[in-house]
Every structure is written in C-alpha cells, then in structure tokens.
Amino acid sequence: LSVQNSLARVYRGTTESPRELLRQVQQTAQAAKQLLADIEGSMAADALADWPIPQLQARIHDLSMRLQGEAAIAQSVWTAMEQPGIVSEKQYAQAFDDVSATLEGLGLEWWPCRGTLIALMRYGSSEATLSDGTRHVVERDIDVMIKINGAEHYAWIARKIEIELRSRGWLGCFAKTSATWEQEPLWATRKDLLYCIKNQPYFMLLDASTYLYSDDGTEIFVHEHRTRNGTRFVPPSVGPLSRVGGVLPSRALRPFQKCQAFQRTCPCPQQPNVTLRAMLLSDWKCIALPPVSSIVGGNMSMVHLLDGLHRHGAVIERNGCVSMTRYLGQCLPDTR
C-alpha cells in the first residue's frame, strides 16, 4: 500500500511536467523493487509465505507501466502545445465545428467558457474587423465546460472525445487534474481537465473543463468529497471555479441560450457574465470591452470600438443569439 500510494502521489502531484512525471515514476518503481528484494533477502522463506510478494511485484509493474504510458502521451501533447503557430478565422471555425460535432454527437451538455465565450458573444467568431479597419483577435484556443456524472463517466467521455477528434485529424488528448499536491488533499480531487491538440495543418488546443451537478440540481462544482454519511464537501480553492468558492448556481447555466458560433449556434449560459467572472483570472471591470492591447493595427477610439461592438451585437441578436450588447451600458472608458 505504501508503494502504491507513492506512485499515486507522484502521478497526481506532478501535473505540470510530463518529463518530471516520467522520471519520478521510474525512480519510485525502482525503489519499490529494491525494497522488495531487500525484504526477501532478510527474511526466511517460511516467514514470507503469507506475504503477497508476487502480487505486489505485478502491481508495481502494471501501475508503473500504465503511468509511463500516460506520461509519454502527455509529453507528445505538451511538445505540440509549445509550438502553437498562427490560426486563421477559417481554421478556428473548422476546429470549433470538430469540437461541436463531437460533443453534440455524444449527447453531452456543454457550453463555451472564458475567452471563447467572450469571442462568440462579441463577434460570433474568434475575431473581427472593426469599423475603422482594425483587427481584433479575441481567441486562439477553444475553451469549453462539459457536464459529467462522475469520475468513471469522465474517463469514458475523455476517451470517446479523443477517438472522435482523432478521426477528424486531431493529434490526441491529455487528461489531468486542476489541483496540485500542495493545494488540497488528493482524495478531494479527480481528473477534471482534458487538453486535446490539433497540430496539422495548423495548431489548435481544446481546453475542456468538466463539472457535476449537486444532488438537488441547484449548483455545479468540479471537485467533491463524500463523507461516510453521504455529506458532500467541495474544496473551495481548487479548480476552475475557485474564484467563487468552488460552486456556481445552476441558474447561471439553465435554461441555456444560444451563442452564434460562425455559421452555426451552440449552447450559451443563461447568465454568461456570472460564469465569466467566476472563471476568468483577471479582474476586468467590464467584460464587454476588449483591452486596447488586443486590437491589432490602427489607433482605435472608443467611438469606433463601441460602434463596432454594437453592429456585431445587432447581427448576433437578429439570429436569436446572446451578445455583449446588453453589458456595454455598464462600461466606462476607464474600465477597459
């Protein structure tokens, strides 16, 4: 049990570096084998008769091989992530179609979040040309939230998503937890993130987070621990919802609205501003206005910026989708 716990600790605690994960898994497995050899060499054969030495040796081998395999997959994905390149609006739309078709084909509840949600609400696209000719690129990866029913369901869903995306030319996926060893006891966490990579003929990252509903359906959360009497404990400072204590009211999601996503639509949270403030790492006072630094070319004035956002918002809303227009009235020029 001590050996198995050591391997599990290495696996769960080293979430940022696949190379370091692989090294520590190999090191720990080798130390475990040496420990078993020392035990066998220091005790009489009859004293070891009731010890499950062969089973433990097989367990160490199977676990270490599985972890090494996952580390190798993670490393290939990490290498691709370090060479992102440039993505055009057309390429982003193609990748988004891949993701949408995959998630809808699996019958999953899902919705865009973070930067992707901002882009779709502003422009119905990943970028736009504003009224004075300047170009504003909002998003270069695809951020989504996916509902699951538990850790076992996550493993099944992650595999199904990877199989489908691979059939569409994607490289593969890498699962990890959003928690680190230092943050919380690992019994309170699970694998909740899924990174999927497309690297040919262009780079695209699908950054998917997963969530569950509370028993009464009034909240969503990412990590949980169940006590012996069935009480649910949600670690407040871990995962994508840590800014709001680990939970979000489900009324922020349901009933879902529609987001314009290029030539198609996708689910959109009922209260998108609530989900954005819960999940973004910045403290923007106004999510409707883009930072000036993200606008490429030209000397964008507030008049041109607001005019462009209103025009794009009007088109989006004519298509029955939710836009950023409703939030522009809350913005002042000094709150960008």
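Quick notes on this structure:
- Placed amide H near residue 171: partners under 5 Å, 5+ positions off or other chain: 197, 198, 199
- For residue 254 and residue 33, a Förster radius of 35 Å and the Cβ-Cβ distance give a FRET efficiency of 0.10, rounded to the nearest 0.05.
- Modelled FRET efficiency - R0 51 Å, residue 40 with residue 200, Cβ distances, 0.05 increments: 0.50
- Taking amide H positions as modeled 1.01 Å from N, with prolines and chain starts lacking one, the residues under 5 Å from residue 113 and 5 or more places away or on another chain are 143, 144, 145.
- Karplus (6.51, -1.76, 1.60) ³J(HN,Hα), θ = phi - 60°, over segment 317-324, in Hz, Gly and Pro reported as x: 5, 5, 8, x, 10, 8, 10, 7
- Vicinal HN-Hα couplings computed from phi for segment 262-277 (Karplus, 6.51 cos²θ - 1.76 cosθ + 1.60; Hz; Gly/Pro x): 6, 9, 9, 10, 9, x, 9, x, 5, 10, x, 5, 5, 5, 5, 5
- The HN-Hα couplings worked out from phi for segment 106-120 by the Karplus form 6.51 cos²θ - 1.76 cosθ + 1.60 (θ = phi - 60°) are 8, x, 8, 7, 8, 7, x, 9, 6, x, 5, 5, 4, 4, 5 Hz, whole numbers, x standing for Gly and Pro.
- Counted residue by residue at 0.36 nm each, then reduced by the alpha carbon distance between them, the extension gain from residue 330 to residue 277 reaches 17.6 nm.
- Fully extending the segment from residue 303 to residue 147 would add 52.2 nm, taking 0.36 nm per residue of separation and subtracting the current Cα-Cα distance.
- Highest mean packing first, where packing is the average number of other Cβ atoms within 10 Å per residue, the peptides 139-147, 50-58, 157-165, 32-40 line up as 139-147, 157-165, 32-40, 50-58.
- Label-point separation in nm, residue 310 to residue 59, each point 7 Å along Cα→Cβ: 6.9
- The overall shape of segment 189-254, judged from the alpha-carbon gyration tensor, is prolate: a/c is not under 1.5, and a/b is greater than b/c.
- Within the shell of other residues whose beta carbon sits under 12 angstrom from the beta carbon of residue 120, the net charge comes to +1, with Lys and Arg scored +1 and Asp and Glu -1.
- Compared with the alpha-carbon gap, the fully stretched path from residue 166 to residue 104 is longer by 20.7 nm at 0.36 nm per residue.
- Per-residue packing, averaged as other Cβ atoms within 10 Å, sorts the ranges 112-122, 220-230 into the order 112-122, 220-230, beginning with the highest.
Just so you know, all these numbers are worked out from the coordinates, no wet-lab data involved. Note that this is a predicted model, so its numbers are computed, not measured. Please note: Cβ atoms are built from the backbone with ideal geometry, for glycine as well, and neighbour counts cover all protein chains shown.
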